[in-house]
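Taking it in order: structure first as structure tokens, then the write-up.
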Amino acid sequence: MVVVMKASSTNEQIEKVINKLRSFDLDIHLSQGTTRTIIGGVGDPKEKEMIMETIEVMDGVEKVVAIVNPYKLASREFKQEDTVIKIGDLCIGGNEIIVMAGPCAVENEQQIIETAEAVKRAGAKILRGGAFKPRTSPYSFQGLGEDGLKLLAKAREKTGLKIVTELMDLQHIKIVNEYSDIIQIGARNMQNFTLLKAVGKLQKPVLLKRGMSATVKELLMAAEYIMSEGNHQVILCERGIRTFEDATRNTLDLSIVPVIKEISHLPIIIDPSHATGKWNLVKPMTKAAIASGADGLIIEVHPNPLDAVSDGPQSLKFNNFNDLMNESRLVANAIGRNIA
Ligand code: PEP
Ligand code: MN
């Protein structure tokens with residue numbers, strides 16, 4: 001069960017609730033963040049009701065919710081209304097579909113500034129770009145590191161776009177937090193629980209990408225790791241999963257969108273670039289993603305995909321990204337949503 005304490009509750013009141021729960025032999029997890037919540041195990045159903053009734057009337061308690069799912073804070077049972085994540089004047093999870101776009105990796109100043117200006121002109125609100133890259137081969141380009149973060153900050157200054165960039169390693173958490181507006185946890189790190197707990201202690205939106213072989217439940221449990229540390233600003237991202245199919249880089253599981261909408265209140269966005277691996281499939285899958293109810297997209301765009309140091313084959317040229325945005329607007333409007 002989840003016990004939500006009032007914002008005005010005192011530490012002493014929290015302590016009393018914890019002690020009471022412990023007296024029922026429940027393991028306790030205290031989540032100190034914007035909302036102070038206490039998460040405890042659930043006993044047998046008859047006892048559960050008695051425990052809930054006891055806790056509900058204690059001083060400082062706002063509400064007690066019984067949740068049988070292993071993901072609790074991420075579940076619809078815990079929170080019925082959709083979570084809308086605010087970044088300045090941007091809202092992710094509201095009526096507007098938010099597009100994040102940019103190169104796979106930050107390569108140099110000209111590349112990132114040119115791309116930022118082009119994606120902004122086309123209607124993107126957030127600039128993506130990796131400074132720390134998770135590459136399959138240790139001999140492939142690993143990213144510019146802190147220099148890449150500085151270039152992203154320069155692009156933000158020039159264009160006003162917000163920045164999303166990947167955090168791969170705990171040792172870079174401070175600088176990635178300093179330069180980014182959203183911290184990306186990549187597919188390969190979806191179950192890096194140390195990293196998840198660490199970003200859970202920040203007050204910064206986290207873009208959590210689905211692991212390439214992760215189930216929906218595993219994705220929500222990864223979100224729960226972040227939320228249970230106090231950070232409830234989690235944006236889920238489907239980026240394709242591994243299947244037998246090799247016509248595409250991964251298989252885009254769009255059915256996850258309505259599945260997530262039913263069982264979780266968190267926003268979900270789609271990455272059609274990594275899902276398909278082919279630039280010519282990005283536009284049709286973007287439109288399908290919007291039709292399915294996704295709250296946003298993250299798309300790879302490069303000034304000259306043939307010269308890209310990573311993921312060139314799935315990166316869009318500026319004019320193709322502009323076409324994608326124009327057609328996406330029509331689909332969004334058809335379902336009563338909008339893209340700026
Ligand atoms: C990326 O967004 O550049 C990336 C590496 O994505 P993923 O973690 O989904 O493979
Ligand atoms: Mn990439």
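When the test is whether a residue is over 20 Å from Arg121 (Cβ atoms), open to solvent by 10 Å² or more (accessible area, probe 1.4 Å) and touching a Cys at 6+ places or on another chain (Cβ under 7 Å), Asp271 does not pass it. Restricting attention to the range 87-103, does a residue exist that is over 21 Å from the mean Cα position of the chain (by Cα), more than 25 Å from Lys201 (Cα to Cα) and not aliphatic (A, V, I, L, M)? No, because not a single residue in the range 87-103 is over 21 Å from the mean Cα position of the chain (by Cα), more than 25 Å from Lys201 (Cα to Cα) and not aliphatic (A, V, I, L, M).
Out of all the residues in the range 274-287, which are open to solvent by 10 Å² or more (accessible area, probe 1.4 Å), touching a strand residue (DSSP E or B) at 6+ places or on another chain (Cβ under 9 Å) and closer than 19 Å to Ala187 by Cβ? Steps first, answer last, please.
Here is the first cut: in the range 274-287, the residues open to solvent by 10 Å² or more (accessible area, probe 1.4 Å) are 274, 277-281, 283-285, 287.
Subset that is touching a strand residue (DSSP E or B) at 6+ places or on another chain (Cβ under 9 Å): 274, 279, 283, 285.
Correct list: His274, Met285.
Cβ-Cβ contacts under 6 Å between residues 6 or more apart (or on different chains), taken from a first residue in the range 306-327 that is within 16 Å of ligand 2 (Cβ to nearest atom) to a second residue that is hydroxyl-bearing (Ser, Thr, Tyr), are listed as Ala308/Ser315; Gln314/Ser273.
Taken over the range 227-245, the residue count meeting the criterion of being without any contact (Cβ under 8 Å) to a residue 40 or more places away in the chain and either in a helix (DSSP H, G or I) or basic (Lys, Arg) (or both) is 1.
For the range 193-207, the candidate set comprises residues that are open to solvent by less than 70 Å² (accessible area, probe 1.4 Å) and out of contact with any helix residue (DSSP H, G or I) (no Cβ under 9 Å at 6 or more places or on another chain); within that set, the residue that is nearest to Cys237 (Cα to Cα) is Leu207.
Looking for something among the basic types (Lys, Arg), assigned to a helix (DSSP H, G or I) and at pLDDT 95 or above - is there at least one such residue anywhere in the range 309-329?
Step one: list which residues in the range 309-329 are among the basic types (Lys, Arg), which gives 317, 329.
Keeping just the survivors that are assigned to a helix (DSSP H, G or I) gives 329.
Those left that are additionally at pLDDT 95 or above: 329.
Within the range 309-329, one or more residues are among the basic types (Lys, Arg), assigned to a helix (DSSP H, G or I) and at pLDDT 95 or above.
Candidates in the range 299-315 are the residues that are within 16 Å of ligand 1 (Cβ to nearest atom) and of a type in the set (A, V, I, L, M, F, W, C); of these, the one that is surrounded by the fewest Cβ atoms within 10 Å (Cβ to Cβ) is Val309. When Val259 is tested against the conditions (1) more than 15 Å from the chain's Cα centre (by Cα); (2) not in a helix (DSSP H, G or I), the lone failure is (2). Does Lys86 satisfy the criteria of being in a loop (DSSP other than H, G, I, E, B) and closer than 18 Å to Gln233 by Cβ? No; evaluated as a whole, the condition is false for this residue.
Residues in the range 131-152 that are farther than 24 Å from Ile339 by Cβ and not in a loop (DSSP other than H, G, I, E, B): Glu146, Asp147, Gly148, Leu149, Lys150, Leu151.
Can you tell me how many residues within the range 185-217 are in contact with a Gly (Cβ under 7 Å, 6 or more places away or on another chain), more than 13 Å from ligand 1 (Cβ to nearest atom) and of a type in the set (D, E, K, R)? Spell out the reasoning first.
Filtering the range 185-217 for residues in contact with a Gly (Cβ under 7 Å, 6 or more places away or on another chain) gives 187, 190-191, 200-201, 209.
The next check asks that each one be more than 13 Å from ligand 1 (Cβ to nearest atom); those that pass are 200-201.
Now restrict to residues that are of a type in the set (D, E, K, R): 201.
Total meeting the criteria: 1.
Given the condition buried (at least 22 other Cβ atoms within 10 Å of the Cβ), more than 23 Å from Ser273 (Cα to Cα) and away from ligand 1 (no atom under 13 Å from the Cβ), answer yes or no: does some residue in the range 232-239 qualify? Even if it seems obvious, please write down each step before you answer.
Filtering the range 232-239 down to residues buried (at least 22 other Cβ atoms within 10 Å of the Cβ) leaves 232-239.
Now restrict to residues that are more than 23 Å from Ser273 (Cα to Cα): 232-233.
Those left that are additionally away from ligand 1 (no atom under 13 Å from the Cβ): 232-233.
Checked against the condition, which is being buried (at least 22 other Cβ atoms within 10 Å of the Cβ), more than 23 Å from Ser273 (Cα to Cα) and away from ligand 1 (no atom under 13 Å from the Cβ), the range 232-239 yields at least one hit.
Which of the residues spanning the range 288-298 are open to solvent by less than 60 Å² (accessible area, probe 1.4 Å) and either away from ligand 1 (no atom under 16 Å from the Cβ) or touching a Lys or Arg at 6+ places or on another chain (Cβ under 8 Å) (or both)?
Going through the range 288-298, the residues open to solvent by less than 60 Å² (accessible area, probe 1.4 Å) turn out to be 288-290, 292-298.
Across the range 288-298, the qualifying residues are Ala288, Ile290, Ser292, Gly293, Asp295, Ile298.
Please determine whether any residue of the range 138-161 is touching a strand residue (DSSP E or B) at 6+ places or on another chain (Cβ under 7 Å), open to solvent by 10 Å² or more (accessible area, probe 1.4 Å), over 15 Å from Val309 (Cβ atoms) and among the acidic types (Asp, Glu). For the range 138-161, residues touching a strand residue (DSSP E or B) at 6+ places or on another chain (Cβ under 7 Å), open to solvent by 10 Å² or more (accessible area, probe 1.4 Å), over 15 Å from Val309 (Cβ atoms) and among the acidic types (Asp, Glu): absent.
The values are calculated or read from the model by the stated rules, or taken from the named source; none is laboratory data. This structure is a prediction, so every number in the text was calculated from the model and none was measured. Cβ sites come from the backbone with ideal geometry, for glycine too, and all protein chains shown count toward neighbours. Accessible surface is based on the protein model in full, side chains and every heavy atom, while ligands, DNA and RNA are left aside. Shrake-Rupley method; radii C 1.70, N 1.55, O 1.52, S 1.80 Å.
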